[in-house]
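Participant: Quick one: the structure is below, questions incoming.
The values are calculated or read from the model by the stated rules, or taken from the named source; none is laboratory data. Keep in mind that this is a model prediction, so the values were computed, not measured. Heads up, the Cβs are rebuilt from the backbone with ideal geometry, glycines too, and the neighbour counts pull from every protein chain shown. Accessible surface areas use protein heavy atoms only, side chains included; no ligands, DNA or RNA. Shrake-Rupley method; radii C 1.70, N 1.55, O 1.52, S 1.80 Å.
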Amino acid sequence: MTYKDWLNIIGTLFGSLLGAGVAIFVFKRGIKHEKEKEEEKKRSLLKAIALTLDNIEKKCRTKVLYIKEYNESVHKRPWEHSILKINTIDEAIRIKSLNVDYVFDAFYEFKIDEKYYIKLHPHLDYISDLFKSFDNDYSNHSHQYITMPSNEILKINEQIQNGSVFLAIDLEKNQRLTILAKPIWEIINSYNEKIKENKTNIDFIIKKSIDPLLHLYIKKEYLNIKSIRDFLPLLKHSKALYDSICEYNILFADQVLSKNESLTNCANIFHEIKMQINKQTGNQITFN
């Protein structure tokens, strides 16, 4: 072989090696680029989770305040419908809908302690169920233990008031019994003076109508009158309904208040997970 042939062979071999080297370089660069893209994708996912957890944490702490306000309101006016403000945490559903394996890989790749991943989903499940139960239980309680008995009190009071008017009129027709009509009229007139602004206020109705009439009608001079004897079970039942409304309302409000510790605990856990994600991903977002 001539010197020129050797040069051609060497040139061909060098070209092949160079081509292979370039191909390997491009391949490795492509792998590196894909890896960087995947890493950035996971970083973005974790940042989105951190932002969502921040919102959930805030809503948990807001719910704690709402519950305190509700409890205080109930204790002040236990016969009323106190408002338990609603706030939802639909954000929890968004995190729960993510691919759990992919989220776990993201935690692992950014060296976020496994204990934070383990805490994430059980607490999201718990807090989702807890928020739903607040709304459902509050609605059921309000209807069953406030609205229904309150309506029954209103119905009984209207019946008693109307019956007492007719009774007082009948008593005035009998000169011997006229004296018994005067206290009835006093109660009726006092009640009617302010009923317009208190039509659904059962505390007013109990204190200005049911209680005064009950205390009057159990006096011995009234017990011989049949219509009054018929009124007494209704008056006592109304008073019992009122007492049960107050009792159950306070009991329910205290049960709701007892959940504040769990809410705060969940908020603290979401805060820890959020801050760990922030730290390991180099997230510079400031959480307020």
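Participant: Whether any residue in the stretch 201-213 is within 16 Å of residue 171 (Cα to Cα) and either out of contact with any strand residue (DSSP E or B) (no Cβ under 9 Å at 6 or more places or on another chain) or open to solvent by 20 Å² or more (accessible area, probe 1.4 Å) (or both) is what I want to check.
Facilitator: Kept after step one, since they are within 16 Å of residue 171 (Cα to Cα), are these residues of the stretch 201-213: 213.
Checking the rest, the ones that are also either out of contact with any strand residue (DSSP E or B) (no Cβ under 9 Å at 6 or more places or on another chain) or open to solvent by 20 Å² or more (accessible area, probe 1.4 Å) (or both) come to 213.
Looking through the stretch 201-213, at least one residue is within 16 Å of residue 171 (Cα to Cα) and either out of contact with any strand residue (DSSP E or B) (no Cβ under 9 Å at 6 or more places or on another chain) or open to solvent by 20 Å² or more (accessible area, probe 1.4 Å) (or both).
Participant: If you don't mind, another one. Of all the residues that make up the stretch 39-55, how many are aliphatic (A, V, I, L, M) and open to solvent by 10 Å² or more (accessible area, probe 1.4 Å)?
Facilitator: First, pick out the residues of the stretch 39-55 that are aliphatic (A, V, I, L, M): 45-46, 48-51, 53.
After this cut, where a residue has to be open to solvent by 10 Å² or more (accessible area, probe 1.4 Å) as well, the list is 45, 48, 51.
Here the count works out to 3.
Participant: Residue 235 passes all but one of (1) touching a helix residue (DSSP H, G or I) at 6+ places or on another chain (Cβ under 7 Å); (2) open to solvent by less than 40 Å² (accessible area, probe 1.4 Å); (3) within 30 Å of residue 63 (Cβ to Cβ); which number fails?
Facilitator: (3)
Participant: Quick one: what pairs do we get from the stretch 96-125, first residue more than 15 Å from residue 274 (Cβ to Cβ) and touching a residue at least 40 places away in the same chain (Cβ under 8 Å), second polar (S, T, N, Q) and not in a loop (DSSP other than H, G, I, E, B), C-beta under 9 Å, 6+ apart or different chains?
Facilitator: Short answer, once both residue conditions are applied: 111/280.
Participant: Can you confirm whether residue 169 is out of contact with any strand residue (DSSP E or B) (no Cβ under 8 Å at 6 or more places or on another chain) and in a helix (DSSP H, G or I)? Don't jump to the end; show me each part of the working.
Facilitator: Working: out of contact with any strand residue (DSSP E or B) (no Cβ under 8 Å at 6 or more places or on another chain): yes; in a helix (DSSP H, G or I): yes.
When the stated conditions are applied, residue 169 passes them.
Participant: Of the residues 250, 187, 245, 269, only one is surrounded by 15 or more Cβ atoms within 10 Å (Cβ to Cβ), within 16 Å of residue 77 (Cβ to Cβ) and at pLDDT 95 or above; which?
Facilitator: Numbers: 250 fails: surrounded by 15 or more Cβ atoms within 10 Å (Cβ to Cβ); 187 fails: within 16 Å of residue 77 (Cβ to Cβ); 269 fails: within 16 Å of residue 77 (Cβ to Cβ).
So the residue among 250, 187, 245, 269 that is surrounded by 15 or more Cβ atoms within 10 Å (Cβ to Cβ), within 16 Å of residue 77 (Cβ to Cβ) and at pLDDT 95 or above is 245.
Participant: Restricting to the stretch 197-233, what's the tally of residues that are β-branched (Val, Ile, Thr), within 21 Å of residue 246 (Cα to Cα) and in a helix (DSSP H, G or I)?
Facilitator: The first filter runs over the stretch 197-233 and keeps only residues β-branched (Val, Ile, Thr), leaving 200, 202, 205-206, 210, 218, 225, 228.
If we keep only those that are within 21 Å of residue 246 (Cα to Cα) too, we end up with 200, 202, 205-206, 210.
The next check asks that each one be in a helix (DSSP H, G or I); those that pass are 202, 205-206, 210.
So the answer is 4.
Participant: Let me ask you something else. Provide a single number: the residues in the stretch 109-153 that are polar (S, T, N, Q) and open to solvent by less than 50 Å² (accessible area, probe 1.4 Å). Give the derivation first.
Facilitator: Going through the stretch 109-153, the residues polar (S, T, N, Q) turn out to be 128, 133, 136, 139-140, 142, 144, 147, 150-151.
Narrowing the set further to residues that are open to solvent by less than 50 Å² (accessible area, probe 1.4 Å) leaves 128, 133, 142, 147, 150.
Going through the stretch 109-153 one residue at a time, the tally reaches 5.
Participant: Let me ask something additional. Which pairs have Cβ atoms under 6 Å, sit 6 or more apart or on different chains, and link a residue in the stretch 126-137 that is without any contact (Cβ under 8 Å) to a residue 40 or more places away in the chain to one that is in a helix (DSSP H, G or I)?
Facilitator: Pairs that qualify, where the first residue is without any contact (Cβ under 8 Å) to a residue 40 or more places away in the chain and the partner is in a helix (DSSP H, G or I), are 128/92.
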